[in-house]
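Structure, as structure tokens:
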Amino acid sequence: MPRLDLNKYAPSAATLILIAATAYAAQPITEITLPGTRIFPESISSTPDGTLIVGSLGHGNVSRIALGTAQVEEWIKAGTGGLNQVLGVYADPKGKTLWVCSNNLQNKGEATAAMAPPTSPTPAKAAWTC
């Protein structure tokens, strides 16, 4: 009986598997559309796992987008803890804290209850962790 040399076919089988895997691999995300109108994303931050955090000046909320998706999830709703128009977000990986800068611009810039100026030089932390 003739002997079949499998090593001869191994490179071509590996090549076919690689081609098939490449054809079915997820396409990279090149665009993320934030839902709604008048969002005015004032700031974007990211966490060590690649999650994007977006603050909205127009909606007064904070959204997040998981790595590898274009799915936008409202994470912190407007009004939560006195949250108003969001002027900035910063995901602090060392402190595992999300810093949110918020202000009530409709009432001439008065501070919100949750972000009232502290009596010490250390700024107040937001209550949400990332």
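The values are calculated or read from the model by the stated rules, or taken from the named source; none is laboratory data. Owing to the predicted nature of the structure, the values given are computational and were not obtained by experimental measurement. Counting neighbours? That spans all protein chains shown, and the Cβs are built from the backbone with ideal geometry, glycine included.
What to note about this one:
- Checked against the criterion of being modelled with pLDDT of 75 or more and exposed (fewer than 15 other Cβ atoms within 10 Å of the Cβ), the candidates I53, I19, I32 yield just one match: I32.
- Every pair of residues 6+ apart whose Cβ atoms lie under 7 Å, when the first sits in segment 30-51 and is more than 14 Å from A70 (Cβ to Cβ) while the second is exposed (fewer than 13 other Cβ atoms within 10 Å of the Cβ) and aliphatic (A, V, I, L, M): D49/L67
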